[in-house]
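The values are calculated or read from the model by the stated rules, or taken from the named source; none is laboratory data. Since the structure is predicted, the reported quantities are computational estimates derived from the model, not experimental observations. We place every Cβ from the backbone using ideal geometry, glycine too, and count neighbours over all the protein chains shown. Accessible surface areas use protein heavy atoms only, side chains included; no ligands, DNA or RNA. Shrake-Rupley method; radii C 1.70, N 1.55, O 1.52, S 1.80 Å.
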Amino acid sequence: MAKRGKGSKSGKVVRLEKIEPWAAPSGETDFQAKLLAILSSTVDILGGNAGIVALWNEKERHFIEETSYGLNSRGVERLRPLLKEAIPDLATSKQSFDRLSQLSPGLRVPATPTDQVQDPIIALPLQIAGKMIGLIYVFRPHLAEPFSSSDQRVLSAFADQVAISLQNAHLASQLAQERYKVESILESSADGIITIDMERRILSFNASMERLTGWKREEAVRSYCFEVLRLRDSQGADLCQTRCPIAKGTKGFSSLDGIITTKDGQNVDVGMNYSIVRSPSGSLLTTVVNIRDITRLRQIESLRSALLATVSHELQTPISIIKAYASILARSDAQWSQQTIRDKLQAIEEESDRLSELVSKLLYTSRLEVGDLSLNKLLLDLPKEAHKVSKRFVGLTEIHKVEADFPPEFPPVLADPEKIGEVLTNLVENATKFSPQGGTITIKGETSGNEISVTVVDEGIGIALRDQERIFERFYRVKDSLARPTQGTGLGLYICKTIIEAHGGRIGVESELGKGSHFTFTLPMGEQE
Ligand code: ADP
């Protein structure tokens, strides 16, 4: 794009050092500024009053103005045909011209702000190794002295310097642009990317790294990577000290998985890919590390193994029992009493029920996963529902007493009775399962503000604090407790949580080991009619 400069037009000779043709500018703006400085100085040296620099465009096959000085946009516009048609001949010649009319007879350039007509013109070829890369045109005012041959000699030496400077500036500008492009790509990458020097100090740290680690770029750059990342394995062993591919002298690509600790103390599972560049002599030049948060992947992996463990254990047990009892009953060499046959058939029936419950819970869960939970909301009388559930347990357990305790005038809530019934049943069933010594199980209702809450209280084994956070996850069952020997899938509480949250409520637990548990869910009253 053509630009107008404001340089001196006094005609005084400008010292060449002022132009600093060897200094490479750092970017496009610098390049343009440098070019304008060169042009204005050239115009001054020649005692001209306007000028233009046009660079040869290989693709377009003509000169295109890069910057102008002392010309208004109309003047530049008028010169364009000249750049496209007449002047391209110059790309193959080394001539310069005294008068514009020699290039294009009759062409006049009303160019300056005062619309003055320029006439004497000199075109200085800008060449590198004999190759024309551009032209500098300088105009003198109308009727001024034509350019002399000595002017041309001095200026052609000067033009060579300018050409080199331009070439350098252009290359530097291209380089800066390429660097900017690469940096932008790295910066906007969704993966964390850092570069590390031979001493394992961080050279660059992109935005995703800031998000992933909580470290600010200014803090991380120049720090040692092991101070920032602190990569460990799941047992806490320091992988930066023992497995770092940079320290081990690895060449090429290598990868390492582990856990990093963010600035605020969170642990994040990460996969790190190292690309290590070494010189032919083996010394390290630089390392690019790509870091990806694989927490989700790890969760999916652990879910998959939990699912496999559950399915294999929970399906296998009833199948084995059914198979064993069926084989016993099918033996032709044995006579079974009516009582034995009844007992075995009853056991087969119970195990089949268990299997069917497990399969339906698994199916239910997979439906929930894809968000397929439709609620059939009605005005629900929760005390009535709670009494119904408690009565259901009367015949099922002899060592537990299940009670419902609701204040009078308990407000109805808009909820799906079947689903809330499932939640209550699940919580009471767990309370009986995990209270092996028996005891009282109470379904307690309360209202508070704009919501109701229901708590299932038991006097059972309780749950350790670390497990309380996790028991609502799919397939999570407390280790080293009664949970293992008891039947279960680890899906009940996950299903309860999904149902309650779909109603706009919350579910949680308060518990102490050995003292029992309180499972509470809330439901909003806001939607009542
Ligand atoms: P399941 O009962 O099929 O194992 P749940 O999702 O219902 O699955 O419960 C997950 C785990 O939470 C149980 O395995 C058990 O360890 C723990 N838990 C649930 N309810 C209680 C309770 N009332 N008392 C003690 N632990 C409980």
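Some notes on this structure:
- Heavy-atom SASA rank of SER352, SER435 (probe 1.4 Å, accessible area, largest first): SER352, SER435
- Rolling a 1.4 Å probe over the protein heavy atoms gives the stretch 407-501 an accessible area of 43 Å² per residue.
- Residues in the stretch 71-79 carry Karplus couplings, in order, of 10, 8, 5, 5, x, 5, 4, 5, 7 Hz; the curve used is 6.51 cos²θ - 1.76 cosθ + 1.60 with θ = phi - 60°, and Gly or Pro positions show x.
- Under 5 Å, built H, 5+ apart or other chain: amide partners of ILE452: LEU523, MET525
- Stokes-Einstein D in µm²/s, Kirkwood radius over Cα pairs - the stretch 382-432 at 4 °C with 1.567 mPa s viscosity: 111
- Accessible-area composition of the stretch 239-372, carbon plus sulfur, in percent [1.4 Å probe]: 55
- Among the GluC sites (Glu not before Pro) in the stretch 393-453, those placed in a DSSP loop whose Cβ has at most 15 other Cβ atoms within 10 Å are GLU398, GLU409.
- Over 32 Å apart at the Cα level, from the set LYS377/LYS479; LYS444/LYS479; LYS216/LYS497; LYS131/LYS251; LYS323/LYS361, are LYS377/LYS479; LYS216/LYS497; LYS131/LYS251.
- Where labels lie 7 Å past Cα in the beta-carbon direction, separation of ILE128 and GLN335 in nm: 11.0
- Set of the stretch 170-211 residues, backbone N closer than 19 Å to the point 7 Å along the Cα-Cβ line of SER279: 196-201
- For LYS59, the aspartates and glutamates whose Cα falls under 19 Å of its own Cα, not counting residues fewer than eight places away in the same chain, are GLU85, ASP89.
- FRET E, pair LEU373, THR295, Förster distance 41 Å, beta-carbon r, rounded to 0.05: 0.95
- Spatial separation of Cα centroids for the stretch 250-311 and the stretch 126-149, in angstrom: 61
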